[in-house]
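A.B. asks: Have a look at the structure that comes next, please.
Only the coordinates and a few stated rules stand behind these numbers; no lab work does. On a predicted model such as this, the values are computed, not experimentally measured, just so you know. All Cβ positions, even for glycine, are placed from backbone atoms using ideal geometry, and neighbour counts span all protein chains on display.
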Amino acid sequence: MKKSILFILFCLFFLIALPNDSDAAAKQTKIILDGEECILPENAEVVNINNNVMIPIRVVAENLKFKVDWQQKAQNVKIQQSSKVDRLHLVGQKK
């Protein structure tokens, strides 16, 4: 009886102690841009959708020294370098 209880406790310990694979994968995500590793903010989420890796545009743009501004009311992002300005509009979001 004692051996059974010890075995169950031993198994529970290892189930709890083993690292979660999804946490490990998220921590191993690296973005290399022009040979330099981009620093991802803690709240940045990298997602794989149908074998397409989605990363926040802000991470790439700011690492390329662009100015990034989210415009909440217009639901778009303005990316600017010198006099060149690009705007990306958010589509398909439920309100």
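A.B. asks: Give the peptides 59-69, 39-49, 75-85 in descending order of average Cβ contacts within 10 Å, highest first.
C.D. replies: By packing density, highest mean first, the sequence is 59-69, 75-85, 39-49.
A.B. asks: If you don't mind, there's one more thing I want to ask. Taking 7 Å along the Cα-to-C-beta vector as the label spot, tell me the ASN76-ASN63 distance in nanometres, rounded to one decimal.
C.D. replies: 2.6
A.B. asks: Shifting gears a bit: Taking the Cα centre of the stretch 32-95 as origin and charging only Cβ (+1 Lys, Arg; -1 Asp, Glu), how large is the dipole, in debye to the nearest 20?
C.D. replies: Roughly 560 debye, rounded to the nearest 20.
A.B. asks: Another question, then. Please give the contour-minus-distance gain from ILE49 to ILE32: 0.36 nm per residue of separation, less the Cα-Cα distance, rounded to one decimal in nm.
C.D. replies: 4.2 nm
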